[in-house]
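The values are calculated or read from the model by the stated rules, or taken from the named source; none is laboratory data. Since we're looking at a predicted model, the values are computed, not measured. No Cβ is skipped: glycine too gets one built from the backbone with ideal geometry, and neighbour counts run over all protein chains shown.
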Amino acid sequence: MQIPETVDLHGYSYLDRQGLLPQLVTSFTNCGGWILERKTTSATKIEFRLEIQLRGIVDLYSSLVSSGVELTRNTHALLTDLCTCRHNLSRTVDPAAAARYPAGQVLTIRLEVNFLEDVTLHSLLMTGSSLA
């Protein structure tokens, strides 16, 4: 697997923004990541750019899920691939592969979280929105 320069992750949450954001920041820090940028892109969307070593990707994945962020199918697949890559690279017998993708490799991640707390099923059906 070729690891991209920036990994784009997408998720959504029905939780209150004020309760989830501090929990996310703590999760990023606890798994060894650091926040490069945090910006609100709309009334219902926030974006984080962070860096984390590849060896901390399993912790990041589990902390996102446990915090209440629902991840998209593509994001689950991408994180699963990164977790598998991290696991297999630590066991590789090919020194060239280990040199290209060391477990200490730093990944830049862009996480976009949509807050759906005010969105109801009825409003989604009436507007034809693709929020979910």
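A few points about this structure:
- Unmet requirement for ASP94, which otherwise passes all of (1) at pLDDT below 65; (2) of a type in the set (Asp, Glu); (3) within 19 Å of GLY19 (Cα to Cα): (3)
- Odd one out for TYR12, checked against (1) touching a Lys or Arg at 6+ places or on another chain (Cβ under 8 Å); (2) not in a helix (DSSP H, G or I): (1)
- Meets criteria (more than 13 Å from the chain's Cα centre (by Cα) and either at pLDDT 65 or above or over 19 Å from GLU5 (Cα atoms) (or both)) for THR80: no
- Checking GLY19, GLY11 one by one, the residue that is small (Gly, Ala, Ser) and closer than 21 Å to ALA77 by Cβ is GLY11 and no other.
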